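Below: one structure, written as structure tokens.
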Amino acid sequence: MNSETKKAARSNQEDETLIRDFLAENINAFDRLVLKYQDLVFNLCFRIVGDYDDASDCAQETFIKVHANLKNFAFRSSFTTWLYRIAINTCRTMLSSSGNRMRKKMVRIDRPGDAESGPVEINDCSSDPGDLFEKNEQSRVIHRAIDSLPDELKVLVVLRDLEGNSYEEISEITGVNLGTVKSRLARARHLLRESLREVL
């Protein structure tokens, strides 16, 4: 058993203990679960919905749903798989709402460089400013291309290529069979290559 597998097993064991403590009415146990996973859930939501405020709402709604349904958690999958599934379904609901579709068609002109207007990753501030600008522009273009994918494809790209989940984990999280996950990811990557061919 390698160190990553041991670490995952320890984390799963810790989650199970916290869930059982919560079910035994230890309210601090749920707070510890939230603290452990709040960044993971927010980042996942942000990558799917592409807006800071919407991602924050989705993350909060995810934990409300987790709190309400934790008594039904059957320990058949890992807690993180179950948590991912709830977060993704919450994001899908947000994306399918008419208000959100309308907002996505609008272009922000008051603060076009605002960090909330789109995901921007700055990895190394000590780099040459020209290189840094180019990397940020590429990142912005790639995120825009991912954001333009149909929702069922975007979720798979986020889970596999941005979050690093295995195909098997993605199948379990989304409830989509393994072969379909692979074929949809191939289609998503083809669409991304086509849309990025001219730009990058």
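The values are calculated or read from the model by the stated rules, or taken from the named source; none is laboratory data. In this text, all values refer to a predicted model and were calculated from it rather than measured experimentally. Note: ideal-geometry Cβ built from the backbone for every residue, glycine included; neighbour counts use all protein chains shown.
Within the set GLU134, GLU194, the sole residue that is farther than 28 Å from GLU4 by Cα, at pLDDT 75 or above and surrounded by fewer than 17 Cβ atoms within 10 Å (Cβ to Cβ) turns out to be GLU194. Residues that are among the acidic types (Asp, Glu), closer than 29 Å to THR93 by Cα and loosely packed, with under 13 Cβ neighbours inside 10 Å do occur in segment 35-52, at least one of them.
The condition (being modelled with pLDDT of 95 or more and closer than 17 Å to TYR84 by Cα) is satisfied by just one residue among PHE63, PHE46: PHE63.
Number of residues in segment 13-63 that are under 24 Å from ALA145 (Cβ atoms) and of a type in the set (S, T, N, Q): the value is 2. Only one of the listed residues (ARG32, ARG20) is of a type outside the set (A, V, I, L, M, F, W, C), assigned to a helix (DSSP H, G or I), outside the structural domain of ILE146 (by TED's automatic domain parsing) and more than 23 Å from the chain's Cα centre (by Cα). That residue is ARG20.
For segment 68-100, filtered to residues that are free of Cβ contacts under 8 Å to residues at least 24 places away in the same chain and hydrophobic (A, V, I, L, M, F, W, C), the residue that is surrounded by the fewest Cβ atoms within 10 Å (Cβ to Cβ) is ALA74.
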